[in-house]
Amino acid sequence: MNLAVHLAIAPIVIPALAAPLALLVMRRRRRLGITISFASCFAMLAAALGLLVQSRDGIIRTYELGDWEAPFGIVLVTDRLATIMLVLAAVMALLALLHAVLTKADRDGWHFHPLLQFQLLGLNGAFLTGDLFNLFVFFEVLLIASYGLMVHGQGSARLKAGVQYVVVNIIGSSLFLIALGLLYALTGTLNMADMGLRIAAIGPDDQWLLRVAALLLVSVFALKAALVPLHLWLPRTYAVATPAVAALFAIMTKVGVYSLIRVVPQVLGDDAGSAAWAPAPYLLPAAVVTAVVGFAGVFVARRLSEQAAYAIIGSTGTLMIAVAAWQVDTLGAALYYLVHSTLAGAALFLIADVVARRRASFSDTISSGPAFCQRQAVGLLFLAAAIATVGLPPLSGFIGKLLIMESVADTASWGWAWTAILLTTLAGVIGFARAGSAVFWKEGPVSDGAEPAHVSRSDMAAPAIAILLLAALSVAAGPATALGNAAAAQVLDAPATARAVLGER
Amino acid sequence: MISLEFLVASAIGVLVAGGIYLTLRGRTFQVVLGLTLFSYAVNLFLFASGRLVVGRAPIWSKSVTDYADPLPQALVLTAIVITFGMTALAVILMLRSFLETGSDQVDGAPCDNEPAADRADDRADDREDAA
C-alpha cells in the first residue's frame, strides 16, 4: 500500500476524526480539546502542503473512493487549483483557531472546536471532489457547520441574522438540487469530467433545458460567492458573527468562486452546445457591480466589522472581473488575488475584533472615542490590512490588482474592468482612511462610566500573522503567480482533466 | 387521459409555487412550511430525473435490458436526509430567535399586533419562571 496515494483523502479524514474526538473531550478536558483542534489543523496544513508539492509536476491525480472506477464511483481530484485551496483553507483555519483561543471566544459556547472541524471537512471536501452531487453534499456539510458557528456566542443580533442566513442557504441548496437533477436527467452522469464529455451529445430539443440547468447552477455558485444581486445575505451575517468565525467565513465566499472556476470550464466548456460558457455574458457586469457595491459599502460602513464584510464583497467582485474573461493569464491573476483577498479579509475582521475588545462601549463603531491601550500598534495593523485590501503598494493587493488589470487589457471589455477597479480602489482608500482616522487618530469624548479595557497584546497575534503572510505573498509574488498561472492553465484544459479522471478512452 | 408526467410535473409545480409564496412571507412559521414544501418539490423533481417508469426491474443485471435508474433514488435519499436535518435546524434556530428577540418576523421587526417590548418581557418572565 502506497501511503502517498492516500494522502489525497487525508484533508477529509483528519477533520472527520478530530471533530467527534474534540466533541467527546471538550466538556471535561478543554485543553485536550483545543490541542486536538490545533493538531488537526496542523496535520491538515501538512497534508495540503504535501499535496501541493506532489501536484507541482502538473500531473492530475485522482483518488477513487472505495476503488470504484470513475465515472461510477466518486473521485477526488488533486490538481494544482485544489491543492492551493486546501493550503489556503488550512491556513485560514489556523488563524481563526488561534484568534478564538487567544481571545477565549471559543468558550462562548460548547461546540466551537467540533463545528470548526466539520466546517473544514466540508471545505476540504468541496475543494477535492470531482463529482457534482458530492460537491452538493460537501456544501451542505460546510453550511450546516457554518450555521452553528454563525450563531456561536448567541445573542439576539446573531440569531436574527442566523435565521436569514439559514433560509437563504436552504433555498440556494434546493436550487442546486434542481440544477443537478436537470443535468443528471440530460447527461446521465454526475461525474464532472464525464458530464463535460457527454454534454456534447445532447440533442437540439433539449438545448433550452441544458441552458436552464447551467444558469441555475451558476446562480447557486454566485449566491455562495455573494455576487450582486445575490449578495444581500452577506454583510449582516458576517458583521455580527463571532470575529474569528467571520475570518474563517472569508474563505466561504471563495468556495463559490472556486466552484465556478472548477465547473464552468469542465462541464460548460466549448462542447456544451447552448450552455457553452453560458454564464460568461452575465458574469462581467455582475462582477463590476459587485465591486462597486462592495467598496461603496466600505465607504459608508458604520462599524469596522461591517466594513470588513463589504470589503469581502468588493474583493469578490474584483476577483470575478478577472475570472469572467476565462483566459489563462486572467485566471492566473485571479487565483493570486483570491489567496490575497481571503487573507486580507480575515485580517480586517480580526483587527475589528482587536479594536472592539479595547474600546468598551464604543466597540468597533467608526467613531472617535477616548484613547485605548496599544492604539499605535493596532492602528498600524489596521493600516497594513487596509493597504492590502484596497491594493496600494507594497502589499500583495497592489500586485494582484496590477496583474488583473494587465491581464484583462487584451479583452474586449477592458474599459469596464479598468474603470471599476480604479474607481473602487479610490473609494476604498477614502473609506478606510475615514475609518482609520476616526478610530485611531481623533480623540472623542470619554464615554460615561465604561472604562476602556486593558487587554493583553496577545490578541494581536493572529492579525499580525495574517499581515505577515500577505507580506510573504508580496515578496514571493514571482513563484506565486507562476503557480497561479500553471493552476489556471491546468483547470482550463478540460480534456486533460477528463483523461486523468476517466482514463484513456 | 392525463399522463403520469403531467400529474407529477403539475404536482411539483404546485408545490414549488406554494413553497415560494410561503417562503416570501414575513413570519418564521410560514417560512418553515414554505421551505418544507419547496424541498418536497425538489425531492420529487430529483426522483423524476431518472424518468418516470412503471414496473421495471429495480436492479441492473446482465439479463435485464429495461431497468429503473437506481441513482436518482439514492440521490433523493441523501437529499431527504439533508433537508430533514436542515428543516429541524431552521425550526430550532427560529424558535431561539423568537424567544430571544420576542419577534417571529424573519427580519426581526416587531410584530404588528403586539408591542415587541411587552412580548420580550413576557418571554423573559417565562424564562425566569421556568428557572
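The values are calculated or read from the model by the stated rules, or taken from the named source; none is laboratory data. Keep in mind the model is a prediction, meaning the values are calculated, not measured. All Cβ positions, even for glycine, are placed from backbone atoms using ideal geometry, and neighbour counts span all protein chains on display.
Things to note:
- Residue match in region B:23-30 (condition: within 14 Å of the chain's Cα centre (by Cα), within 30 Å of B:ALA109 (Cβ to Cβ) and not in a helix (DSSP H, G or I)): yes
- Total residues in region B:1-22 satisfying the condition of being in a helix (DSSP H, G or I) and among the hydroxyl-bearing types (Ser, Thr, Tyr): the figure is 2.
- Verdict on A:ILE351 being in contact (Cβ under 8 Å) with a residue 40 or more places away in the chain, over 18 Å from the mean Cα position of the chain (by Cα) and farther than 16 Å from A:GLY484 by Cα: yes
- Single match in A:LEU331, A:LEU338 (criterion: over 13 Å from the mean Cα position of the chain (by Cα) and either part of a helix (DSSP H, G or I) or at pLDDT below 90 (or both)): A:LEU331
- Applying the criterion of being part of a helix (DSSP H, G or I) and without any contact (Cβ under 8 Å) to a residue 24 or more places away in the chain to the residues of region A:1-29, the residue that is nearest to the chain's Cα centre (by Cα) is A:VAL13.
- Enumeration of residues in region B:51-74 that are within 11 Å of chain A (Cβ to nearest Cβ) and either surrounded by 20 or more Cβ atoms within 10 Å (Cβ to Cβ) or of a type in the set (Asp, Glu) (or both): B:ASP69, B:PRO72
- The criterion of at least 3 residues that are among the charged types (D, E, K, R), modelled with pLDDT under 90 and surrounded by fewer than 24 Cβ atoms within 10 Å (Cβ to Cβ) is met by none of the helices (runs of 4 or more DSSP H) falling completely within region A:197-264.
- Qualifying residue in region A:360-369 (condition: surrounded by 24 or more Cβ atoms within 10 Å (Cβ to Cβ), touching a residue at least 40 places away in the same chain (Cβ under 8 Å), in contact with an Asp or Glu (Cβ under 9 Å, 6 or more places away or on another chain) and not in a loop (DSSP other than H, G, I, E, B)): no
- Scanning region A:261-312 for residues that are farther than 15 Å from A:VAL323 by Cβ and of a type in the set (S, T, N, Q) returns A:SER274, A:SER305, A:GLN307.
- The set of residues in region A:9-32 being at pLDDT below 90 and either surrounded by 19 or more Cβ atoms within 10 Å (Cβ to Cβ) or aromatic (Phe, Trp, Tyr) (or both) consists of A:MET26 alone.
- The lone exception for B:LEU46 - which of (1) more than 9 Å from every other protein chain (Cβ to nearest Cβ); (2) within 23 Å of the chain's Cα centre (by Cα) it fails: (1)
- Residues in region A:175-195 that are in contact with a Ser or Thr (Cβ under 6 Å, 6 or more places away or on another chain) and within 9 Å of chain B (Cβ to nearest Cβ): A:GLY181, A:TYR184, A:ALA185.
- Some residue of region A:93-111 being closer than 16 Å to A:GLY256 by Cα and more than 14 Å from chain B (Cβ to nearest Cβ): no
Table: residues versus (1) out of contact with any Ser or Thr (no Cβ under 6 Å at 6 or more places or on another chain); (2) at pLDDT 90 or above; (3) not in a helix (DSSP H, G or I).
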site	(1), (2), (3)
A:ALA420	yes, yes, no
A:ILE430	yes, yes, no
A:ALA435	yes, yes, no
A:PRO445	yes, no, yes
A:ILE467	yes, yes, no
A:ALA482	yes, yes, no
A:VAL491	yes, yes, no
A:PRO495	yes, no, no
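- Of all residues in region B:19-41 being within 8 Å of chain A (Cβ to nearest Cβ), touching a Phe, Trp or Tyr at 6+ places or on another chain (Cβ under 9 Å) and at pLDDT 90 or above, the one that is nearest to A:LEU177 (Cα to Cα): B:SER39
Matching residues to (1) assigned by TED's automatic domain parsing to the domain that holds A:ASN191; (2) surrounded by fewer than 17 Cβ atoms within 10 Å (Cβ to Cβ); (3) touching a His at 6+ places or on another chain (Cβ under 8 Å):
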residue: A:SER40; (1), (2), (3): yes, no, no
residue: A:ALA43; (1), (2), (3): yes, no, no
residue: A:ALA48; (1), (2), (3): yes, no, no
residue: A:SER55; (1), (2), (3): yes, no, no
residue: A:GLY58; (1), (2), (3): yes, yes, no
residue: A:TYR63; (1), (2), (3): yes, no, yes
residue: A:TRP68; (1), (2), (3): yes, yes, no
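- Filtered residue count, region A:147-157, keeping only those that are more than 9 Å from every other protein chain (Cβ to nearest Cβ) and surrounded by 20 or more Cβ atoms within 10 Å (Cβ to Cβ): 3
- Just one of the listed residues (B:LEU75, B:LEU99) is closer than 21 Å to A:TYR165 by Cβ, outside any strand (DSSP E or B) and either modelled with pLDDT of 85 or more or more than 29 Å from the chain's Cα centre (by Cα) (or both), namely B:LEU99.
- Test for B:ALA9: is it more than 11 Å from every other protein chain (Cβ to nearest Cβ), out of contact with any Lys or Arg (no Cβ under 7 Å at 6 or more places or on another chain) and at pLDDT 90 or above: yes
- Residue match in region A:125-146 (condition: part of a helix (DSSP H, G or I), away from chain B (no Cβ under 11 Å) and within 24 Å of B:ALA41 (Cβ to Cβ)): yes
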